[in-house]
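Read through the structure below, which is laid out as structure tokens, and then see the notes.
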Amino acid sequence: MSSTAPLSVTVEESGEQSPKSTEDYAQKRKEKQKEALKLFSLLAFLFLIFYLGNFIASILKTVRSSWKSWDLSLTLLGIIVIQYLRRSFPPLYALLGPFSSIVLLILYDHLGPYTGALTYQLLKLEELIIFPTLRHLYTKITCEILSPQKSQKYWWLSTSFTGALSAFDSTYSSQIESPSNLKKILLIWMFEMTYFFNDYVCIFWFATRSNVPWKVYVAGYSTGLILEYPKTLFKFKAYTAALEGVVGSSFWDVFRETGDFRWYEIVSFAVLTGGATLFVHGLHVKMVVEKVRGWWKGE
């Protein structure tokens with residue numbers, strides 16, 4: 001008489017998913033939907049700008065003429081308060097995304113490009129207070145999110161934001177862990193001067209993921225503001241010139257405004273901002289190439 005061995009089928013063999021894997025799948029799907037919604041919102045915004053250009057231009061004209069009558073001292077005080085709250089709480093930062101660009105326009109209309117850019121740099125000294133605030137509030141939270149187990153998730157920190165922090169870890173940890181304070185300061189300078197770079201991710205990463213002492217950050221960031229001035233001045237002239245194009249100036253007016261740079265402004269922008277941008281984004285390209293190579297080799 002033959003005996004039949006009991007049928008033993010694991011969850012994986014039967015094709016069933018464990019509650020944990022189902023939960024992970026649902027979370028990933030939710031994150032993808034959130035990113036898709038952000039992309040759709042951006043496309044909708046660009047669509048509105050394209051088709052409602054004249055309407056937007058009239059609103060911008062009205063708003064800009066309105067804030068020219070504001071008391072500058074009270075305006076600066078309001079900017080300082082809003083910036084501290086906005087940059088101390090990531091959800092508020094995401095909600096008030098274009099606030100820094102609005103500040104730039106307000107200062108331009110009140111003070112012009114040169115004094116406006118200088119005032120903008122002085123206002124950024126507030127980051128020296130925001131740095132210890134972020135370190136105190138979010139160091140533990142960020143460690144929990146980026147730990148290998150990833151046991152904790154927080155709805156108010158987007159996947160793209162935590163992904164950027166993780167990318168900073170893999171790219172810059174070796175430089176920032178150096179015992180040399182000079183190397184730390186050089187990296188702070190590079191981050192400040194780089195174009196097409198999210199400065200909030202930078203300060204958040206320095207505050208929560210690096211071993212940079214506050215005194216070293218103060219020395220690096222405050223001196224870096226001087227080196228960053230050519231980049232800020234370029235923003236003041238380029239952004240406002242682009243805005244003039246939106247509100248109805250001719251192409252030649254816009255070209256003349258963006259071309260209104262002295263030779264030493266162009267040289268300092270090219271050397272400082274251009275050099276830092278090539279260095280930092282060069283490291284980013286190298287990181288992407290290494291990841292693609294590892295993926296191709298199946299690592």
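Somewhere in the range 136-153, is a residue in contact with a Leu (Cβ under 7 Å, 6 or more places away or on another chain) and among the hydrophobic types (A, V, I, L, M, F, W, C)? Yes - at least one qualifying residue is present in the range 136-153.
Selection over the range 165-213 of residues that are of a type in the set (A, V, I, L, M) and touching a residue at least 40 places away in the same chain (Cβ under 8 Å) gives a count of 7.
If you go through the range 183-236 and pick out every residue that is charged (D, E, K, R) and surrounded by fewer than 20 Cβ atoms within 10 Å (Cβ to Cβ), you end up with 4.
Considering each residue of the range 133-145, count those that are in contact with a helix residue (DSSP H, G or I) (Cβ under 6 Å, 6 or more places away or on another chain) and not aromatic (Phe, Trp, Tyr), and give that number. Residues that pass the stated criteria total 6. Looking for something modelled with pLDDT under 85, buried (at least 16 other Cβ atoms within 10 Å of the Cβ), among the aliphatic types (A, V, I, L, M) and under 20 Å from TYR84 (Cα atoms) - is there at least one such residue anywhere in the range 143-166? Yes, because at least one residue in the range 143-166 is modelled with pLDDT under 85, buried (at least 16 other Cβ atoms within 10 Å of the Cβ), among the aliphatic types (A, V, I, L, M) and under 20 Å from TYR84 (Cα atoms). If you filter the range 167-177 down to residues that are surrounded by fewer than 17 Cβ atoms within 10 Å (Cβ to Cβ) and not hydroxyl-bearing (Ser, Thr, Tyr), you find that the one that is nearest to ASN198 (Cα to Cα) is ALA167.
Screening ILE188 on (1) of a type in the set (A, V, I, L, M); (2) over 22 Å from LEU92 (Cα atoms); (3) out of contact with any Cys (no Cβ under 9 Å at 6 or more places or on another chain) shows it passes everything except condition (3).
Quick grid of which residues meet (1) within 16 Å of LEU227 (Cα to Cα); (2) without any contact (Cβ under 8 Å) to a residue 40 or more places away in the chain:
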| site | (1), (2) |
| --- | --- |
| ASP260 | no, yes |
| TRP263 | no, yes |
| ILE266 | yes, yes |
| ALA276 | yes, no |
| GLY282 | no, yes |
| MET287 | no, no |
| GLU290 | no, yes |
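Using the structure shown, decide if ARG135 is modelled with pLDDT of 95 or more, charged (D, E, K, R) and open to solvent by 60 Å² or more (accessible area, probe 1.4 Å). Answer is yes for this residue.
The number of residues in the range 79-101 being assigned to a helix (DSSP H, G or I) and open to solvent by 60 Å² or more (accessible area, probe 1.4 Å) comes to 7.
The values are calculated or read from the model by the stated rules, or taken from the named source; none is laboratory data. Since we're looking at a predicted model, the values are computed, not measured. We place every Cβ from the backbone using ideal geometry, glycine too, and count neighbours over all the protein chains shown. Keep in mind that these areas ignore ligands, DNA and RNA; they rest on the heavy atoms of the full protein, side chains included. Shrake-Rupley method; radii C 1.70, N 1.55, O 1.52, S 1.80 Å.
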